[in-house]
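Trainee: There's a structure below that I have some questions on.
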Amino acid sequence: QVQLEESGGGLVQAGGSLRLSCVASGTFFGIGTLGWYRQATGNQRELVATIISGGRTNYADSVKGRFTISRDNAKNTVSLQMDSLKPEDTAVYYCYAELKTTMSPALFQYWGQGTQVTVSS
């Protein structure tokens, strides 16, 4: 059974930094896109950043220039370095992974349980 486990959330003052990490464990045969999404109270879940297997990245406009996503394929991990944090970044952050879990070429979506990030003003 595949699991995504996030770590690194917490409370930080505006202008500070946090680094989120997510590791995929279990049985799978390949990894596609990895990413981070977030959901603030009362809002829908939204994309923060994604990184494809070749390394190309995509960011939400609201985090460009402040957040950096990276992946380590050897360790099955994806990380999100968050700098210059703002109170509006407060949300539960979810790790996302597309994994090849069968012998077919299909990739399936998996989500972590979420980690709280709170930015105080």
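The values are calculated or read from the model by the stated rules, or taken from the named source; none is laboratory data. Keep in mind that this is a model prediction, so the values were computed, not measured. Please note: Cβ atoms are built from the backbone with ideal geometry, for glycine as well, and neighbour counts cover all protein chains shown. Accessible surface areas use protein heavy atoms only, side chains included; no ligands, DNA or RNA. Shrake-Rupley method; radii C 1.70, N 1.55, O 1.52, S 1.80 Å.
Trainee: Name the pairs whose Cβ atoms lie under 8 Å apart, with the first residue in the range 41-62 and touching a residue at least 24 places away in the same chain (Cβ under 8 Å) and under 19 Å from TYR110 (Cα atoms), the second open to solvent by 80 Å² or more (accessible area, probe 1.4 Å) and assigned to a loop (DSSP other than H, G, I, E, B), and 6 or more positions between them or separate chains?
Mentor: No pair meets every condition.
Trainee: Can you name every residue in the range 88-121 that is outside any strand (DSSP E or B) and touching a helix residue (DSSP H, G or I) at 6+ places or on another chain (Cβ under 8 Å)?
Mentor: Within the range 88-121, the first condition is being outside any strand (DSSP E or B), and the residues that meet it are 88-90, 101-107, 112-114, 121.
The one that is outside any strand (DSSP E or B) and touching a helix residue (DSSP H, G or I) at 6+ places or on another chain (Cβ under 8 Å): SER121.
Trainee: Also, I was wondering about something else. Going through the range 63-87 one residue at a time, which ones are farther than 13 Å from SER17 by Cβ, basic (Lys, Arg) and either in contact (Cβ under 8 Å) with a residue 12 or more places away in the chain or outside any loop (DSSP other than H, G, I, E, B) (or both)?
Mentor: Result: ARG71, LYS75.
Trainee: Looking at the structure I just gave you, is LEU20 over 19 Å from LEU107 (Cα atoms), open to solvent by less than 30 Å² (accessible area, probe 1.4 Å) and over 11 Å from the mean Cα position of the chain (by Cα)? Let's see the steps before the verdict.
Mentor: On the way: over 19 Å from LEU107 (Cα atoms): yes; open to solvent by less than 30 Å² (accessible area, probe 1.4 Å): yes; over 11 Å from the mean Cα position of the chain (by Cα): no.
So LEU20 does not fit the description; no.
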